[in-house]
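**Student:** Here you go, one structure.
The values are calculated or read from the model by the stated rules, or taken from the named source; none is laboratory data. Remember, it's a predicted structure, so these values are computed and weren't measured experimentally. Positions of Cβ are backbone-derived with ideal geometry, glycine not excepted, and every protein chain shown enters the neighbour counts. For the accessible areas, the whole protein counts, side chains as well, though only heavy atoms, and no ligand, DNA or RNA atoms are used. Shrake-Rupley method; radii C 1.70, N 1.55, O 1.52, S 1.80 Å.
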Amino acid sequence: MDGIKGKFMDLLHKQASRNHMKIPAMGFSDHFIQTVTESQKTGFSVATTGDGADECDQVDCSQKSDQEVLESIANNYFKADSNPAMYELQNVLANGVDYALIESTMLKLRTQHKVLSKKVLSNILEQRSACNVEFAAINETQKELEESLWTCRKARSYLNYAKQNLTTTSLEILASYRKREILKELLSTLQAIKKLKSTDVEVQKLLSECNYSAAISLLLNCKDSAAEYNHLHCVESLNKKLQETLLLTEFQLDTVLNEMILNFDMRKYSKLQEAYKLLNKSLIAMDQLHINFISAIHSSVNSVLRGYNDPNADENIKLLYEQLCDQVEADKYIPCLISLCKTVWTILSSYYQIVIWHQNYKLYPLDMPDSPDNYIQEKLRKGQSRIWNDILTKICTFLQSSKLNALKYDQFIQVLSVIQRLKKVGQEFCNENSDKLIETMQLQSEEFFQRYHLCCLEEICLFLDNESWTVVDSFANILQLPEFRSIRHSLRRHKSPPGMAAKNHNSLSVNNSPTSNNCDELVSVHSQDGGSSIYGSYGYFLRFSEKSSPFDGGLDVAMLEEDILSGIVDEASCYFSEEESEDDHKSKDYDDCSGAGNNGAGGQQLTVNNTTLNVFRCIGRYLQMCKLLHCISPKIVASMLELIDFYAYAVHEIFGKDAPVQMETFYSQKLEQKLEFVRQNVIPNIKIWPLNFSSLINNELANPDTLYGLSQRIVAMESGHCMTQQFQILQSYLNHLLPMQDRPMLSTYFEYICFMHDLARPVYTCVTSRVFDLPAILTMMSKVKWDVNHVSFQHNGYIDIMNRNVQNFAMRLEEIARDITIPFEQVWNSLAHVATRLLVEGFSNVKKCSAGGRALMQLDFTNFMSIFELISNQKFSDHRQFVDMFIKAYYFSNEQFEEWIVEQKNVEPAQYSNKQLTNLIQCVCVSDKRTRQKLLNFLGTTSTQNGSNLNVKHKMILLPEVLVVVHKCPCKLHRKLKQATDHISKNKIFHLTDT
């Protein structure tokens with residue numbers, strides 16, 4: 001322990017001796033300091049080899065700057081009565097003997113001593129030149145005093161001589177005159193020197209008052225005056241000082257000129273140009289101004305990005321602009337973009353005002369040959385494009401960041417709105433379309449919209465999965481939805497006449513048709529500030545200054561409601577603020593834009609459910625994207641159509657596939673194509689499809705007490721029908737947004753906008769086909785004797801059963817009608833379809849029928865239809881004709897019957913099935929085998945093939961020209977079956993229904 005104390009005391013004595021080391025002499029150079037330092041450092045490192053902690057501390061100390069080392073010196077060292085040795089000893093031994101702490105403290109003290117010594121030496125060396133100057137001035141003054149003393153002595157000798165040789169009076173006169181002249185000259189000289197001496201103060205005063213031209217003029221005048229008195233030593237030094245002041249003033253002018261980039265002041269700029277004109281540096285100043293603008297763009301955007309990056313990041317690490325863009329977090333992406341736009345707006349606004357200033361003010365006479373003003377104008381014109389391209393490069397690089405794909409819909413719309421305004425700023429600034437910016441946003445928008453569209457489809461799936469299929473109250477028009485708020489006035493300008501949306505799909509008025517594929521290419525008159533249309537008709541650079549910008553305030557609301565179509569010529573006066581439309585024009589918008597959706601009743605409540613409302617909202621958001629980026633509008637409009645088609649497909653999957661009868665003939669060709677398109681192109685992209693509708697299907701759709709979910713089916717179908725009707729309101733507006741070559745796609749869609757009406761047939765048939773007990777009715781009809789010889793006046797019993805079923809169905813409809821609006825025409829038409837097909841099926845199964853039997857059929861049908869039409873309060877002429885024609889075909893002559901069969905064979909879609917026509921032929925031509933065989937061959941069948949529209953099975957085998965009965969001889973039966981089988985194999989068109 002004593003040895004350790006001894007070593008520690010020796011170390012302290014050594015440190016104390018170093019602290020009292022004298023400062024090197026004036027000739028001590030930095031090289032000597034560096035050499036000594038390196039030697040000390042080397043020796044110290046050798047002495048402490050193997051100590052990892054000391055090496056780490058030494059590295060840390062070496063990495064610190066001199067200023068940081070000086071600031072780390074304890075205040076105790078600067079006190080006169082302090083004892084540094086005791087102070088350090090107390091610090092080191094405060095917690096016991098720690099060798100690592102002792103070594104680190106020694107290294108720290110060495111470093112501080114070295115830096116302090118270097119600093120003191122540096123201060124001495126800095127003051128040495130000033131000291132030499134003072135000594136030289138003292139020597140010069142002493143020399144001048146000696147010369148003055150010699151002059152005085154010489155003058156006294158001359159005066160003494162004059163006194164001795166001239167009279168006193170003459171001397172006094174001459175002396176007075178000479179004195180006066182000398183004093184006058186001296187006074188003039190002193191005044192000039194005084195003026196020169198006070199020039200610096202006066203110049204600084206003028207510069208503080210921003211009177212740069214007066215300061216430059218004063219300096220130039222003083223410089224000319226100093227040339228006259230340059231023989232005076234004091235004036236010579238003043239002349240040098242004036243030259244330095246002139247250089248400093250030019251530097252200050254450059255500084256103020258650089259300030260004009262971010263804070264343009266017309267008064268200051270005017271005085272700056274006058275000052276540069278006096279210096280004959282107007283062209284140089286203009287070149288420097290453009291360099292400053294380019295530099296300001298790079299430095300400003302980097303500064304903005306650094307402000308949104310991690311504040312804990314090392315500022316010494318210089319990152320590239322692309323790296324700074326990637327480091328911006330997603331939640332700061334939009335504020336950072338807006339800050340970038342505000343910054344570049346400040347720069348562009350200043351440049352724009354400089355351009356306007358030079359257009360209004362000429363620095364040189366107009367008649368001057370090769371006027372510099374021409375060069376300045378050309379320089380400014382070319383500089384506009386260059387500056388805008390530099391800004392576009394920066395913004396596009398920022399937009400290409402991967403963070404853009406992580407934004408939500410509202411955030412992405414806000415980005416589009418910001419870019420839309422920035423694009424219009426570029427159009428006003430240098431009349432460029434900013435194709436690079438639009439191309440970048442197009443790529444980003446296509447990626448975003450593809451992902452967002454899938455999210456919307458899956459969102460609709462979630463609504464479908466949780467849909468209660470009830471009517472949403474208080475819905476009268478899609479313009480109620482906030483997503484459509486920004487296009488209300490646009491719809492008024494581009495509305496389709498009520499009820500004519502489907503007829504006018506191929507034509508647009510001249511006023512509504514854009515002259516190009518992109519509406520943005522029209523006049524850029526912007527309405528984003530709302531209010532006065534006169535104010536909105538001016539450009540951004542006239543409405544905003546460098547202290548305010550189009551990107552200030554209300555970005556979350558105003559940008560999402562921006563109506564880009566207000567830029568069309570002669571439409572600015574049609575603009576109203578949204579606040580005004582909420583109160584004064586709301587009802588007018590509804591009446592004008594309701595279209596054919598409610599038979600002209602714009603305020604009537606519509607039948608919609610939560611899912612259709614969500615589809616409407618998705619369409620409204622899609623329209624906002626169409627407005628802000630026209631280049632992908634065809635894809636967006638096509639996605640709107642996919643949303644509607646997907647809803648129809650989902651309704652069909654839920655409500656249209658549980659019918660107890662075959663429904664192939666219930667689908668039109670266009671409807672089948674639409675459903676197949678959705679199945680092949682939309683459904684594979686939805687990850688959560690198919691949905692689980694088992695609870696709805698098992699509970700509601702299979703419950704006879706609720707008419708197999710008829711109310712839910714009606715809500716689903718009427719909501720879809722309402723959706724298509726409301727969508728027709730947008731037809732003209734969508735045509736306006738689409739390029740000319742993409743409009744046929746929309747026109748083709750509106751040609752078959754009534755597909756929900758066609759879809760209602762299979763959906764409602766799933767209910768109406770259960771109203772009657774189809775197998776029981778067919779069985780009862782098969783038991784009726786139709787080959788009677790007399791005409792009966794009493795209809796058959798199965799008609800009474802069917803009438804009671806219709807009455808029960810009507811009463812159930814009245815109960816449902818209390819809660820929802822029922823489309824009675826479609827529902828009753830579906831039931832009429834089922835009933836008439838049921839009757840025709842039963843009539844077609846008759847094998848033997850007389851004229852009286854046909855009359856009995858007509859009696860049954862007439863009785864049923866009269867009761868049916870009375871209960872339904874509807875007329876069904878087509879369905880009547882369908883049954884009447886089948887019954888009356890029995891009474892045709894052979895020629896008429898053949899023509900009728902040929903006609904029915906060629907009808908598309910077929911009214912009667914091959915089985916029905918075959919049975920009819922066999923019944924009518926029972927005694928005319930030749931005609932029967934001819935007609936059967938024409939039909940391509942001699943037996944039942946496809947069955948009827950109602951898939952009802954019978955306990956019999958229909959074979960050509962024979963009714964096989966089971967009690968016949970087995971051999972004869974086998975022979976007849978073999979003949980029939982051979983005929984079937986030959987024609988390949990028959991099949992057995994059931995045995």
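**Student:** Residues that are under 26 Å from the mean Cα position of the chain (by Cα) and at pLDDT below 85, at least 2 per element: which helices (runs of 4 or more DSSP H) completely within the stretch 551-658 meet that? Outline the logic, then answer.
**Tutor:** Details: elements: 555-558, 578-583, 586-593, 610-628, 633-655.
By residue number, 555-558, 578-583, 610-628.
**Student:** So how many residues does the stretch 90-142 have that are part of a helix (DSSP H, G or I) and within 30 Å of residue 76 (Cβ to Cβ)?
**Tutor:** 32
**Student:** Report whether or not residue 778 is at pLDDT below 90 and either of a type in the set (A, V, I, L, M, F, W, C) or farther than 24 Å from residue 868 by Cα (or both).
**Tutor:** So residue 778 fails the test.
**Student:** Sticking with this structure for a sec: Return yes or no: is residue 405 more than 27 Å from residue 543 (Cα to Cα), in a helix (DSSP H, G or I), touching a Lys or Arg at 6+ places or on another chain (Cβ under 8 Å) and not charged (D, E, K, R)?
**Tutor:** So residue 405 passes the test.
**Student:** Residue under question is residue 428, and the condition is that it be open to solvent by 10 Å² or more (accessible area, probe 1.4 Å), not in a helix (DSSP H, G or I) and not polar (S, T, N, Q); does it hold?
**Tutor:** The answer is no for residue 428.
**Student:** OK, next. I'd like the residue in the stretch 785-825 that is within 23 Å of residue 875 (Cα to Cα) and of a type in the set (Lys, Arg) and, out of all such residues, is modelled with the lowest pLDDT.
**Tutor:** Among those residues, the one meeting the criterion is 812.
**Student:** Additional query: Of all residues in the stretch 732-745, which are buried (at least 21 other Cβ atoms within 10 Å of the Cβ) and over 23 Å from the mean Cα position of the chain (by Cα)?
**Tutor:** Passing the criteria: only 732.
**Student:** Still on this model: Open to solvent by less than 60 Å² (accessible area, probe 1.4 Å), out of contact with any strand residue (DSSP E or B) (no Cβ under 8 Å at 6 or more places or on another chain), among the acidic types (Asp, Glu) and not in a loop (DSSP other than H, G, I, E, B): does that describe residue 410?
**Tutor:** Considered against the rule, which asks whether it is open to solvent by less than 60 Å² (accessible area, probe 1.4 Å), out of contact with any strand residue (DSSP E or B) (no Cβ under 8 Å at 6 or more places or on another chain), among the acidic types (Asp, Glu) and not in a loop (DSSP other than H, G, I, E, B), residue 410 comes out as no.
**Student:** Taking the conditions exactly as written (assigned to a helix (DSSP H, G or I) and either at pLDDT 80 or above or farther than 30 Å from residue 375 by Cα (or both)), does residue 261 satisfy them or not?
**Tutor:** In short, no.
**Student:** So which residues in the stretch 443-461 are without any contact (Cβ under 8 Å) to a residue 40 or more places away in the chain and either within 30 Å of residue 654 (Cβ to Cβ) or open to solvent by less than 60 Å² (accessible area, probe 1.4 Å) (or both), if there are any at all?
**Tutor:** 450, 455
**Student:** Quick test of your reading of the structure: residue 312 fulfils all but one of (1) modelled with pLDDT of 85 or more; (2) over 29 Å from residue 547 (Cβ atoms). Name the failing condition by number.
**Tutor:** (1)
**Student:** While we're looking at this one, here's another question. All but one of (1) out of contact with any helix residue (DSSP H, G or I) (no Cβ under 9 Å at 6 or more places or on another chain); (2) closer than 17 Å to residue 821 by Cα hold for residue 716; which doesn't?
**Tutor:** In the conditions (1) out of contact with any helix residue (DSSP H, G or I) (no Cβ under 9 Å at 6 or more places or on another chain); (2) closer than 17 Å to residue 821 by Cα, residue 716 misses (1) alone.
**Student:** Now for a different question. Would you pick out the residues in the stretch 781-799 that are within 16 Å of residue 865 (Cα to Cα) and of a type in the set (Phe, Trp, Tyr)?
**Tutor:** 798
**Student:** Cβ-Cβ below 8 Å, separation at least six or inter-chain, first residue in the stretch 425-442 and at negative phi, second outside any helix (DSSP H, G or I) and open to solvent by less than 30 Å² (accessible area, probe 1.4 Å): which pairs?
**Tutor:** Correct list of pairs: 425/550; 426/434; 427/434; 428/539; 438/629; 441/629; 442/629.
**Student:** Would you pick out the residues in the stretch 784-818 that are open to solvent by 30 Å² or more (accessible area, probe 1.4 Å) and among the aromatic types (Phe, Trp, Tyr)?
**Tutor:** Scanning the stretch 784-818 gives a single hit, 793.
Table: residues versus (1) aromatic (Phe, Trp, Tyr); (2) closer than 20 Å to residue 664 by Cα; (3) surrounded by fewer than 19 Cβ atoms within 10 Å (Cβ to Cβ); (4) within 60 Å of the chain's Cα centre (by Cα).
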residue	(1), (2), (3), (4)
897	yes, no, no, no
903	no, no, yes, yes
914	no, yes, no, yes
929	no, no, yes, no
932	no, no, no, no
935	no, no, no, no
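**Student:** I need the full set of residues from the stretch 680-701 which are surrounded by 13 or more Cβ atoms within 10 Å (Cβ to Cβ) and not acidic (Asp, Glu), in order please.
**Tutor:** 682, 683, 685, 686, 689, 691, 693, 696, 697, 701 - these are the residues of the stretch 680-701 that are surrounded by 13 or more Cβ atoms within 10 Å (Cβ to Cβ) and not acidic (Asp, Glu).
**Student:** Turning to a different aspect of this structure: Being of a type outside the set (Ser, Thr, Tyr) and either surrounded by fewer than 19 Cβ atoms within 10 Å (Cβ to Cβ) or not in a helix (DSSP H, G or I) (or both) narrows it down to one residue among 348, 319, 324, 337; which is it? Before the answer, list the steps.
**Tutor:** Details: 348 fails: either surrounded by fewer than 19 Cβ atoms within 10 Å (Cβ to Cβ) or not in a helix (DSSP H, G or I) (or both); 324 fails: either surrounded by fewer than 19 Cβ atoms within 10 Å (Cβ to Cβ) or not in a helix (DSSP H, G or I) (or both); 337 fails: either surrounded by fewer than 19 Cβ atoms within 10 Å (Cβ to Cβ) or not in a helix (DSSP H, G or I) (or both).
The unique qualifying residue is 319.
**Student:** Check the stretch 841-859 and report whether any residue there is open to solvent by 30 Å² or more (accessible area, probe 1.4 Å), under 24 Å from residue 933 (Cα atoms), touching a His at 6+ places or on another chain (Cβ under 9 Å) and at pLDDT 85 or above.
**Tutor:** Within the stretch 841-859, one or more residues are open to solvent by 30 Å² or more (accessible area, probe 1.4 Å), under 24 Å from residue 933 (Cα atoms), touching a His at 6+ places or on another chain (Cβ under 9 Å) and at pLDDT 85 or above.
**Student:** Could you check, for the stretch 815-824, whether at least one of its residues is over 17 Å from residue 887 (Cα atoms), part of a helix (DSSP H, G or I) and touching a residue at least 60 places away in the same chain (Cβ under 8 Å)?
**Tutor:** Checking the stretch 815-824: at least one residue is over 17 Å from residue 887 (Cα atoms), part of a helix (DSSP H, G or I) and touching a residue at least 60 places away in the same chain (Cβ under 8 Å).
**Student:** Which one is modelled with the lowest pLDDT, of the residues in the stretch 355-389 that are over 13 Å from residue 273 (Cβ atoms), among the charged types (D, E, K, R) and surrounded by fewer than 15 Cβ atoms within 10 Å (Cβ to Cβ)?
**Tutor:** Here the residue is 367.
**Student:** If I ask for residues that are open to solvent by less than 30 Å² (accessible area, probe 1.4 Å) and within 40 Å of the chain's Cα centre (by Cα), which ones from the stretch 242-280 would you list?
**Tutor:** Listed by number, the residues that qualify are 256, 257, 260, 261, 264, 269.
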